[in-house]
Amino acid sequence: ITLTQTFNYKENKLNSFQSIQSYTAVEPFELKNEKTISYQNNKAIITDGYNTSIYLLNEFGYATQCIRNEGRSDERKYIFKYILNDYNWHYLNQIEEYLSDGKLYSKVVLEPNEEGMVITQEIESFKQNYITNTSNDINISGIPHPFLVDLHPLSMHTAALYGRLIGEPSLNMITKVTPEGSEENVGYSFEKNDEGWFTSCKITTIHQKYRHTRKIHYNYTR
């Protein structure tokens with residue numbers, strides 16, 4: 001399985017996002033999804049023809065909430081909270097997901113500490129803390145971390161993460177994630193080019209004798 005994601009920017013704003021998932025186990029097969037992003041006053045609207053997400057932006061251009069319409073009567077609402085630096089750059093601190101009945105369904109809290117951050121994920125009655133370690137390499141590429149991109153409910157906002165609608169990417173990359181109380185850990189090893197831009201990330205999941213790896217390649221155009 002190969003997943004290819006393409007993000008196109010215009011005037012420093014994300015304006016389209018394409019995702020192609022290719023399967024070759026039996027015979028070639030592709031799943032394609034394309035999203036367009038438009039900006040209207042204090043709103044960013046992301047749509048793929050089936051689902052529409054409307055992000056309400058504050059004065060600095062970061063989303064405070066999102067209403068996601070999934071093409072039927074289903075509607076999800078997301079609330080975003082941030083930590084601000086001296087330049088009013090916003091770093092995501094919390095995301096809450098509410099279903100159409102108004103009940104809280106899931107939540108992620110990001111709490112920085114000396115070694116990296118503690119990430120707490122809640123989905124209904126399930127709760128998991130993740131302990132992370134962070135490298136000293138500066139993320140000049142400006143890419144969101146793969147662990148956060150895959151973590152629900154952040155996984156519902158891939159385009160917004162890459163478009164910096166829900167906060168700036170971390171300055172330093174997480175190199176290890178350990179679920180609290182688990183024997184499993186996940187390592188992230190990044191490679192850079194001569195200019196310091198990340199070109200790949202090798203993700204290694206270890207659980208007892210089990211080891212699984214996958215790799216992400218990053219390409220840039222100017």
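The values are calculated or read from the model by the stated rules, or taken from the named source; none is laboratory data. Model, not experiment: these values are computed from the prediction. Please note: Cβ atoms are built from the backbone with ideal geometry, for glycine as well, and neighbour counts cover all protein chains shown. For the accessible areas, the whole protein counts, side chains as well, though only heavy atoms, and no ligand, DNA or RNA atoms are used. Shrake-Rupley method; radii C 1.70, N 1.55, O 1.52, S 1.80 Å.
Quick look at the numbers
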{"item": "Exposure rank, largest accessible area first [S125, S141; 1.4 Å]", "result": "S125, S141"}
{"item": "Over the range 82-121: Kirkwood hydrodynamic radius from C-alpha pairwise inverse distances, Å", "result": "11.7 Å"}
{"item": "Most mobile of L92, L84, L56 in a GNM of the chain (Cα contacts under 10 Å)", "result": "L84"}
{"item": "Residues of the range 107-222: accessible area per residue with a 1.4 Å probe, Å²", "result": "56 Å²"}
{"item": "I131 paired with D101, simple spin-label distance in nm, labels 7 Å along Cα-to-beta-carbon", "result": "3.7 nm"}
{"item": "The range 171-222, accessible surface, carbon-and-sulfur percent (1.4 angstrom probe)", "result": "45 percent"}
{"item": "13 Å Cα-Cα reach of K81 towards aspartates and glutamates, excluding residues that sit fewer than 8 places from it in its own chain", "result": "E96, E97, E111, E168"}
{"item": "Most mobile of H90, H152, H212 in a GNM of the chain (Cα contacts under 10 Å)", "result": "H212"}
{"item": "Sulfur and carbon atoms: percent of accessible area, the range 119-161 [1.4 Å]", "result": "46 percent"}
{"item": "GNM top mover of Y87, Y188, Y55 - the chain, alpha-carbon springs below 10 Å", "result": "Y87"}
{"item": "Taking the chain and dividing mean pair separation by its residue count, relative contact order in percent (alpha carbons under 8 Å, at least six apart)", "result": "11 percent"}
{"item": "Length added when fully stretched, N219-T36, from 0.36 nm per residue minus Cα-Cα", "result": "63.8 nm"}
{"item": "Label-point separation in nm, W89 to H207, each point 7 Å along Cα→Cβ", "result": "3.6 nm"}
